[in-house]
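In what follows, a single structure is set out as structure tokens and then discussed.
The values are calculated or read from the model by the stated rules, or taken from the named source; none is laboratory data. No experiment lies behind these values; they were computed from the predicted model shown. Heads up, the Cβs are rebuilt from the backbone with ideal geometry, glycines too, and the neighbour counts pull from every protein chain shown.
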Amino acid sequence: MRQRKSVLRGSQEIAREYKKNGVNVVGMLQLDMTNFKGSEKDIYIFTDYTDERQNGFLSNLVAAYLPSVTVGYDKCGYACSDHASWSAQGYAASMPFEAEIKKDNPHIHTANDTYANSRGQASHALKFARLAAAYAVELGSERCRKRSCGTYRRKKSPIRTKRDLERA
């Protein structure tokens with residue numbers, strides 16, 4: 001993956017401004033590179049420049065809402081995308097990614113990074129869209145507002161299995 005330091009300027013400015021103004025950001029989910037399936041697992045949650053508890057919340061969401069989707073973990077090795085800007089300001093940020101970092105899209109950020117080079121379909125990106133929907137619904141739920149799900153204030157995720165969801 002190519003260094004993207006200059007690209008982070010916008011997100012750094014916004015995250016700093018939000019912190020300065022005391023904006024309540026419950027969680028930040030970076031969905032950027034989602035349609036190239038280059039590795040064995042479906043979704044790789046990056047563990048550097050991210051929030052460990054929110055990453056656990058994401059894993060639990062996948063288990064509860066997307067049981068056929070497999071999750072792996074990887075590191076970018078540097079502040080590779082906008083999630084790092086939010087994490088640096090103390091916000092809970094996560095970045096689920098399309099593949100292991102060493103097996104990422106060879107066309108990323110080039111003129112060849114096209115739908116056609118994704119086999120003309122978006123089935124891999126759909127997994128991330130479904131995760132994003134679950135994240136938004138659960139993070140915005142009354143239960144999560146009371147427990148601060150997915151944020152640094154949360155001690156453990158309230159979602160473990162589909163059975164737990166049915167009982168809630």
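Selection within the range 87-122: residues that are surrounded by fewer than 14 Cβ atoms within 10 Å (Cβ to Cβ) and of a type in the set (S, T, N, Q). The member of this set that is nearest to Y49 (Cα to Cα) is T110.
Scanning the range 123-155 for residues that are at pLDDT below 85, surrounded by 16 or more Cβ atoms within 10 Å (Cβ to Cβ) and closer than 25 Å to S68 by Cα yields a count of 3. In summary, A84 fulfils each of the numbered conditions (1) closer than 20 Å to V62 by Cβ; (2) crowded, with 22+ Cβ neighbours inside 10 Å with the single exception of condition (1). Does at least one position in the range 121-138 carry a residue that is farther than 14 Å from L29 by Cα and in a loop (DSSP other than H, G, I, E, B)? Yes, some residue in the range 121-138 is farther than 14 Å from L29 by Cα and in a loop (DSSP other than H, G, I, E, B).
Here is a yes/no grid of residues against (1) in contact with a Gly (Cβ under 7 Å, 6 or more places away or on another chain); (2) of a type in the set (F, W, Y); (3) without any contact (Cβ under 8 Å) to a residue 24 or more places away in the chain:
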| position | (1), (2), (3) |
| --- | --- |
| Y49 | no, yes, no |
| A79 | no, no, no |
| D82 | no, no, no |
| S94 | no, no, no |
| D113 | no, no, yes |
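Is it the case that some residue within the range 54-67 is at pLDDT 95 or above and among the β-branched types (V, I, T)? Yes, some residue in the range 54-67 is at pLDDT 95 or above and among the β-branched types (V, I, T). For the structure I just gave you, tell me whether S81 is touching a Cys at 6+ places or on another chain (Cβ under 9 Å) and of a type in the set (S, T, N, Q). In short, no. For the range 1-117, the helices (runs of 4 or more DSSP H) that sit wholly inside it and include 3 or more residues that are over 14 Å from the mean Cα position of the chain (by Cα) are 8-20, 52-65. When S85 is tested against (1) more than 18 Å from L8 (Cα to Cα); (2) modelled with pLDDT under 90, only condition (1) is not met. Selection of the range 13-38 for residues being under 19 Å from K127 (Cα atoms), modelled with pLDDT under 90 and either of a type in the set (D, E, K, R) or crowded, with 19+ Cβ neighbours inside 10 Å (or both) yields D32, M33, T34, N35, F36, K37.
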